[in-house]
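Trainee: Structure incoming, see below.
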Amino acid sequence: MRGRAMAMVAVLVAVLAFAVPALSVTVAEVAREVRCPTCNTPLDVSSSSAAERMKVFIADRIAAGEDKEQIIDALVDEFGRGVLATPPKEGFDLIVWVVPTVLVLLGLMAIPVVTRSWARRRADGPLPDISAEDAARLEEELGRSDG
């Protein structure tokens, strides 16, 4: 019996853990994830009349018990995907997330190839001509270090 009570408490805690974030959503949290359609700035810093209306819309939806995803989906339905602050990681928008990562990785892989190529060019190139005076001085210095 005690095991069953512990299991029920664990289930209750898990349910509350998932329910609390949905209840604690604020206008600022949602506003950080969308942009103002008129000035294209993050909604949480925009003060345009459209942004103010959107904030009221968000507050009304929160009061109605909707979670952040539902509110953002409603804003996307109303204003289109351009209202999102960051593109979704799906479909064609996935390119925005994948291409920069691929380019950075290619750049990192190219560094050793390019540096080896530069080092080979320097080592394989002809030695610079030096004057007779410099050659004599070099021989003298090398002779001193051997002795």
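Trainee: So Ile72 clears everything in (1) open to solvent by 50 Å² or more (accessible area, probe 1.4 Å); (2) outside any loop (DSSP other than H, G, I, E, B) except one condition, right? Which one?
Mentor: Result: Ile72 fails condition (1) only.
Trainee: Name the one entry in Ala135, Ala123, Ala110, Ala119 that is surrounded by 10 or more Cβ atoms within 10 Å (Cβ to Cβ), part of a helix (DSSP H, G or I) and modelled with pLDDT under 80. Working first, answer last.
Mentor: Values: Ala135 fails: modelled with pLDDT under 80; Ala123 fails: surrounded by 10 or more Cβ atoms within 10 Å (Cβ to Cβ); Ala110 fails: modelled with pLDDT under 80.
That would be Ala119, the only listed residue that is surrounded by 10 or more Cβ atoms within 10 Å (Cβ to Cβ), part of a helix (DSSP H, G or I) and modelled with pLDDT under 80.
Trainee: Next up: Write out, first by first residue and then by second, each pair whose Cβ atoms fall under 9 Å of each other, whose residues are 6+ apart or on separate chains, and whose first residue, in region 93-104, is open to solvent by less than 70 Å² (accessible area, probe 1.4 Å) while the second is part of a helix (DSSP H, G or I) and of a type outside the set (A, V, I, L, M).
Mentor: Asp93/Arg81
The values are calculated or read from the model by the stated rules, or taken from the named source; none is laboratory data. All figures in this text were calculated on a predicted structure; none of them were measured in a lab. Methodologically, a virtual Cβ is constructed for each residue, glycine included, from the backbone with ideal geometry; neighbour enumeration extends over all protein chains shown. Heads up: the accessible areas ignore ligands, DNA and RNA and are worked out on the full protein's heavy atoms, side chains in. Shrake-Rupley method; radii C 1.70, N 1.55, O 1.52, S 1.80 Å.
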